[in-house]
Amino acid sequence: MSHILAIDQGTTSSRAILFDQALKPVTSAQEEFPQYYPASGWVEHDPADLWATVAGTARAAIERAGIGAEDIAAIGITNQRETTLLWDRSTGQPLHNAIVWQDRRTASLCTALKEAGHEPMITARTGLLLDPYFSGTKLKWLLDTVGGARDRARRGELAFGTVDTWLMWNLTGGRVHATDATNAARTMLYNIAENRWDDEILALLDIPAALLPEVRDCAADFGVTRADLFGREIPILGVAGDQQAATVGQACFHPSMMKSTYGTGCFALLNTGDQMVPSQNRLLTTIAYRLNGQTTYALEGSIFIAGAVVQWLRDGLQIIRSAAETQGLAERADPAQEVILVPAFTGLGAPWWRPEVRGAIYGLTRNSGPAEFARAALQSVGYQTRDLLEAMRADWGAAGDGVLRVDGGMVASDWAMQFLSDILGAPVDRPSVTETTALGVAYLAGLQAGLQPPPEDFANNWALERRFVPGMDPGLREKKYAAWKRAVAATMAAA
């Protein structure tokens with residue numbers, strides 16, 4: 001039993017990657033699923049789609065490898081965070097669609113709670129800001145909206161969970177209702193200093209504690225799968241939210257190390273060790289990972305739209321057929337045009353936290369076309385990343401050697417990564433394995449299974465594929481960034 005199955009349940013697709021004992025990918029399978037938009041700013045998933053695509057891709061990855069379930073030592077789960085589900089404990093049936101992390105339906109509730117003065121208490125305990133992004137107000141909305149839900153929750157008939165919890169429930173046939181510390185830390189209900197659900201916040205949102213899962217370490221025993229799923233019971237031994245799993249996969253185990261993941265959104269994490277650093281620049285203080293009961297903290301900046309801006313070029317504007325086309329278009333863009341796209345499709349994330357803001361484009365001319373739009377889309381990700389790193393440096397001081405480790409689908413674009421290095425004025429390191437989210441949770445599961453070495457030894461195996469170094473004139477860099485900041489200010493002023 002030398003293989004590890006990593007389940008990577010994301011915002012637009014589910015993937016399963018089978019790793020060997022050396023943590024080399026053997027096979028993988030991926031399946032997209034529909035997104036639902038019931039109203040402006042609302043985003044939902046069908047919970048059945050999440051489960052079906054996970055089960056299907058896991059089976060497909062095993063079959064493609066030509067091995068049996070007896071060859072798999074452990075399963076690790078990593079997932080889109082904050083997405084909120086509520087289901088019946090006896091039947092396993094959801095009471096509503098999953099409310100996705102991007103969803104903004106609770107913006108007015110968050111505003112009311114801020115105006116009532118509750119944000120400082122919530123931030124001090126959870127490290128988070130009062131924003132619709134997080135699970136707490138989503139869960140309150142479900143309890144307020146679904147008929148009889150709160151009374152049933154008080155009687156212990158219902159279960160709440162983020163996506164990891166929903167998957168574990170289904171994988172184990174309802175025997176395990178648990179989460180890990182990193183996912184719990186994203187609910188806005190968990191006291192990250194004391195590592196427990198916070199009674200005062202639960203009372204404020206009128207959320208019965210009986211709904212909540214047990215919180216465990218990232219490498220821990222999360223039960224075993226139903227025997228009928230894969231042919232035998234397989235232990236689930238690692239769980240982490242996607243960004244924390246990527247932090248582990250990038251081997252950012254020492255304070256001041258930074259990584260940034262470019263998927264649907266962009267998420268930058270800075271390891272702060274055992275220090276729970278409060279942000280003065282509206283970043284999040286969160287749990288990076290918890291191993292053997294020891295918590296490592298991080299500062300995090302979250303951008304809602306990164307890879308999603310490329311999807312918008314493809315599906316919304318229909319000016320590209322695949323993401324790979326953006327690089328060629330960006331290279332052909334007219335250098336005399338300075339088109340700036342502020343992709344606030346579902347609001348602005350860190351460091352602004354303005355859920356009501358919507359996207360805008362500046363600098364259009366009669367000659368602006370697909371090439372200029374593609375370049376502006378890729379540049380918007382670099383600009384937003386600099387916003388995050390500027391805030392991190394202000395909170396933490398000089399962040400180590402200034403190197404940013406990157407991963408996720410967008411990092412395949414050399415053009416985007418070179419611009420990122422140029423606008424940051426810092427090296428950007430792309431690893432040999434860019435799917436570090438799955439790698440990280442595979443390592444956690446392997447660590448618990450006794451197949452993987454301690455973190456320090458794992459870090460020695462991290463391999464660089466390419467380093468991008470700044471080549472832009474410093475004066476031009478600052479001119480471009482100043483234009484971006486003016487565009488963001490104008491977009492917020494128009495909201």
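The values are calculated or read from the model by the stated rules, or taken from the named source; none is laboratory data. Because the structure is predicted, anything quoted here is derived from the model rather than measured. Ideal geometry is used to build each Cβ from the backbone, glycine not excepted, and the neighbour counts take in all protein chains shown.
Assorted remarks:
- Some residue of the range 298-307 being crowded, with 16+ Cβ neighbours inside 10 Å and either of a type in the set (Lys, Arg) or over 19 Å from the mean Cα position of the chain (by Cα) (or both): no
- Of the residues Trp51, Trp87, Trp42, the single one that is among the aromatic types (Phe, Trp, Tyr), touching a strand residue (DSSP E or B) at 6+ places or on another chain (Cβ under 7 Å) and either within 21 Å of Ala240 (Cα to Cα) or not in a helix (DSSP H, G or I) (or both) is Trp87.
- Residue list for the range 425-442, restricted to those being in contact (Cβ under 8 Å) with a residue 40 or more places away in the chain and surrounded by fewer than 22 Cβ atoms within 10 Å (Cβ to Cβ): Gly425, Ala426, Pro427, Pro431, Val433, Glu435
- Only residues that are closer than 15 Å to Ala487 by Cβ and either in contact with a Gly (Cβ under 7 Å, 6 or more places away or on another chain) or assigned to a loop (DSSP other than H, G, I, E, B) (or both) were counted across the range 346-367, and they come to 7.
- Number of positions in the range 318-347 that are out of contact with any helix residue (DSSP H, G or I) (no Cβ under 7 Å at 6 or more places or on another chain) and aliphatic (A, V, I, L, M): 2
- Answer residue from the range 54-79, given it is in a helix (DSSP H, G or I) and free of Cβ contacts under 8 Å to residues at least 60 places away in the same chain and is nearest to Ala449 (Cα to Cα) among those: Ala61
- Flag if Gly263 is at positive phi and out of contact with any Cys (no Cβ under 9 Å at 6 or more places or on another chain): no
- Any hit, the range 22-39, residues being touching an Asp or Glu at 6+ places or on another chain (Cβ under 8 Å), under 25 Å from Ala227 (Cα atoms) and part of a strand (DSSP E or B): yes
- Checked against (1) outside any loop (DSSP other than H, G, I, E, B); (2) among the hydrophobic types (A, V, I, L, M, F, W, C); (3) closer than 15 Å to His45 by Cβ, Cys110 passes all but condition (3).
- Near pairs, Cβ below 7 angstrom, 6+ apart or cross-chain, from the range 346-372 (assigned by TED's automatic domain parsing to the domain that holds Trp312 and more than 24 Å from Lys114 (Cα to Cα)) to any residue that is in a loop (DSSP other than H, G, I, E, B) and β-branched (Val, Ile, Thr): Ile361/Val339; Gly363/Val339; Leu364/Val339; Ser368/Val339; Pro370/Ile319; Glu372/Val339
- Considering each residue of the range 89-101 in turn, at least one proves to be within 18 Å of the chain's Cα centre (by Cα), assigned by TED's automatic domain parsing to the domain that holds Trp197 and without any contact (Cβ under 8 Å) to a residue 60 or more places away in the chain.
- Residues of the range 162-187 satisfying the condition of being over 16 Å from the mean Cα position of the chain (by Cα) and under 14 Å from Leu50 (Cβ atoms): Trp166, Leu167, Met168, Trp169, Asn170, Leu171
- Of the listed requirements (1) touching a Gly at 6+ places or on another chain (Cβ under 9 Å); (2) buried (at least 20 other Cβ atoms within 10 Å of the Cβ); (3) farther than 22 Å from Asp8 by Cβ, Gln418 misses just one: (2).
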